[in-house]
Structure formats: structure tokens, C-alpha cells
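Okay, so here's the structure we're looking at.
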Amino acid sequence: MTYILILLLLIAFLLDRKILPDHKTTKSNFSNLINKPIIWIYINKSKSSKVWESFYSRRTIDNISTLSEICIRSILSKNNDLGKINIVTDDNLNLYIPNFPGCNEKIDKQSRLNYIKYNLLYNYGGLWVPPDTLCLTNFNSILNKLNHHDLVLIKNIDNNIDDTFIACNKFNPTIKKILENSQRKILDHNYYFHNQSGLLLNKLHTVENTYIFTNNINGKYDYNNKEITTDNYVSNNLTLFKNPQMVDFLHLNESKISKEIRNNWLLRMNLGQMLETNMWITKLFRFSLHLEQQFFDETNYDLLPSKTEVIDVSKKINLPYSPYLIVTKESSRNT
């Protein structure tokens, strides 16, 4: 019994060490961030006394789910050298938006979120990223586009613009128009402008120098062009992304998961549970956090079909979404 307890404590210690980024704050790497874009992460929570072991030693967040915690750590660990990462909460919001008009409790959460988003992007520029975004590589491909484009967007599954991810240079005219509209709606006590903001973005982005990524970059579809859902993430089988080599990050959409009765238990899992399961999402987490995969079965390799170019390409890449990283005694699922 004592041996088992010691073993468990050792595993917990190693996991804790591995999950935390190794970056330290120094004068040299701080100076390298000057004039680099800001990566914005807004969390509608209050800070606690616990501290992020990260580039800026940020404090962690009360009541945040393990899923979002892992996602934020993945963003921090993979993008520290690309720019300044600002985690914004209600505690420090006034530092960026003085005299914030959205303190009225009657304002719905989404309207408030959108006002904050467009205000920060207009006044400071950078990349807006939801906190439940799992980073598999980094945001370099998006941020680099800002060197030659004023606005960078991503297509959604319905081929419209996904307004949850926006990158722009500061004082962008399209973002300004959406911000002015959202501010006017708040002051007029019209708390449903968030629907209009998405429509405006779809309409206005065409009038300026805009780059639009396909939804390959955020892993929306499998190789059969079927939408990847929470059911895929919680399955013990793996799903093959459409164009897997192009996937940089995933928006896991915690809000959507919380409304799914059959899957919302995922948000109640602790860190140990989340990193030790057979689920596909665990393999994605472990890959993003640079942890070795626990379940790998080479015996399935020769049994898998290689009839399509997509599968042939994925043979050559050692990634968690390759169909050749198979859970022991489980079949591969490509759809």
C-alpha cells in the first residue's frame, strides 16, 4: 500500500513538472517582445492567489475548468516567443479599457464579451483567442499574416467568418465600425448586438486588405468532410483530421460542451483524470503539453487501409491525430 502511494505521488510530481512551461522572465526575452503582436485571452472570472508558472508568472483563475486550464497552458508554452500574451479578467480589465461601460449586470455575457474583444483589438491590435483553445503548434501562421494584411480571419463550418478568432493591426477600420456599433448598443441599453457584430464582420471585411484562412487550420472537419464534435473527442478511437498537417489549434468550445447532457461530465474532470484516460482528447492534450503518449499499438499499423492520399500523408507525420497512433485493442476511427 505504501509503495502504491509513493508511486502515485511520484507520478503526480512528474506530471506537474512536465505540464508547466519552462520559460523564465528575463530582460533579453522581454525586450524581444517589443513591437510584437499581443495575444489576448479573456476569462470572465476573478483571479485567485495561485500563480501561473509561465512567462509573466500570471495568477491562475478561480473556478476555471481543467479543460480551459490545459488549453491556456498550451497557448502559453507554445507562443511565448511570438508576442506578449495578455490574460484579461475583470480584475485587470480597467487597465486596458478605462471607464468600461459594460459593468451593468443587465448586459448579457456574449454582448459584454464582444465589446471587450473589439475594444482591445481596435486599440491595441493583436490576436483574440478563446481560453478553450488547444494549441497544437503555435499561432505563428496567423500572426505572420499581419505583416502584409490589416485583418486576418478564419472561416467557420458554414463558410462564414468565425468571429471567435480575429487578428488585426491596431486602429483597424473594420474593427472600429463594429466597436462603434457595439458601444452604441450598450449605451442605448440594447444588449443583443453580438448577433450584429458577427454579421458586420462578414460584411465589412471585404472592403480592406484581409487574409482568410480555411477551417483546416482549426481542425473543424475529419477527412470525410464531417464536422468533428465532442463525441469524437471523448471517444476511445481516433479521428483523422482533414488535412491534418495544416491543423495548428482546436477550439474545443466549452460553452457548447456544457450544454450537451451526454458529454458535459468532461468539464468536471480533474487534471489527473483528464491526462490519464483513453480518450482522443487526452492524446491531444498530452501532445500539446509535450507529454509522451501512453497508449500506442504498432500491431494495428499494417492492418489499416492506405487507399487515400490523406491517410498516406498522415503515415509520415508523428502527431496525435495520425490514424497510426492507436489505443491498445481499439480500432481506428476516421469518421
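The values are calculated or read from the model by the stated rules, or taken from the named source; none is laboratory data. In this text the structure is predicted, and so the values were computed from the model without any measurement. Note that each Cβ is placed from the backbone with ideal geometry, even for glycine, and that neighbours are counted across all protein chains shown.
Just name the residue that is modelled with the lowest pLDDT out of those in segment 225-249 that are of a type in the set (Val, Ile, Thr) and in a loop (DSSP other than H, G, I, E, B).
For segment 225-249, the residue satisfying everything is Thr239.
Would a scan of segment 152-162 turn up a residue that is crowded, with 18+ Cβ neighbours inside 10 Å and more than 11 Å from Phe213 (Cα to Cα)?
No - not one qualifying residue is present in segment 152-162.
How about segment 219-243: which of its residues are surrounded by 19 or more Cβ atoms within 10 Å (Cβ to Cβ) and at positive phi?
Selection gives Gly219 alone.
Take the residues in segment 207-224 that are closer than 16 Å to Leu250 by Cα and assigned to a loop (DSSP other than H, G, I, E, B); name whichever of them is modelled with the lowest pLDDT.
Tyr223
Rundown of residues vs (1) crowded, with 20+ Cβ neighbours inside 10 Å; (2) of a type in the set (Gly, Ala, Ser); (3) in the same structural domain as Ile178 (by TED's automatic domain parsing); (4) modelled with pLDDT under 65, yes/no style:
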| residue | (1), (2), (3), (4) |
| --- | --- |
| Asn32 | no, no, yes, yes |
| Asn63 | no, no, yes, no |
| Leu95 | no, no, yes, no |
| Phe100 | no, no, yes, no |
| Lys109 | no, no, yes, no |
| Tyr118 | yes, no, yes, no |
| Tyr122 | yes, no, yes, no |
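Can you tell me which residue within segment 124-146, out of those that are part of a loop (DSSP other than H, G, I, E, B) and touching a His at 6+ places or on another chain (Cβ under 7 Å), is surrounded by the most Cβ atoms within 10 Å (Cβ to Cβ)?
Step by step, filter segment 124-146, then rank; the result is Asp132.
Return the residues of segment 251-275 that are surrounded by 14 or more Cβ atoms within 10 Å (Cβ to Cβ) and either aromatic (Phe, Trp, Tyr) or outside any helix (DSSP H, G or I) (or both); say none if nothing qualifies.
Scanning segment 251-275 gives His251, Leu252, Asn253, Glu260, Asn263, Met269.
Which residue is modelled with the lowest pLDDT, if the candidates are limited to segment 80-92 and must be surrounded by 15 or more Cβ atoms within 10 Å (Cβ to Cβ) and more than 16 Å from Pro131 (Cα to Cα)?
Result: Gly83.
For segment 132-158, what are the residues that are within 21 Å of Lys226 (Cα to Cα) and touching a helix residue (DSSP H, G or I) at 6+ places or on another chain (Cβ under 6 Å)?
Across segment 132-158, the qualifying residues are Thr133, Leu134, Leu136.
How many of the residues making up segment 154-164 are under 17 Å from Trp40 (Cβ atoms) and either modelled with pLDDT of 95 or more or of a type in the set (Asp, Glu) (or both)?
2
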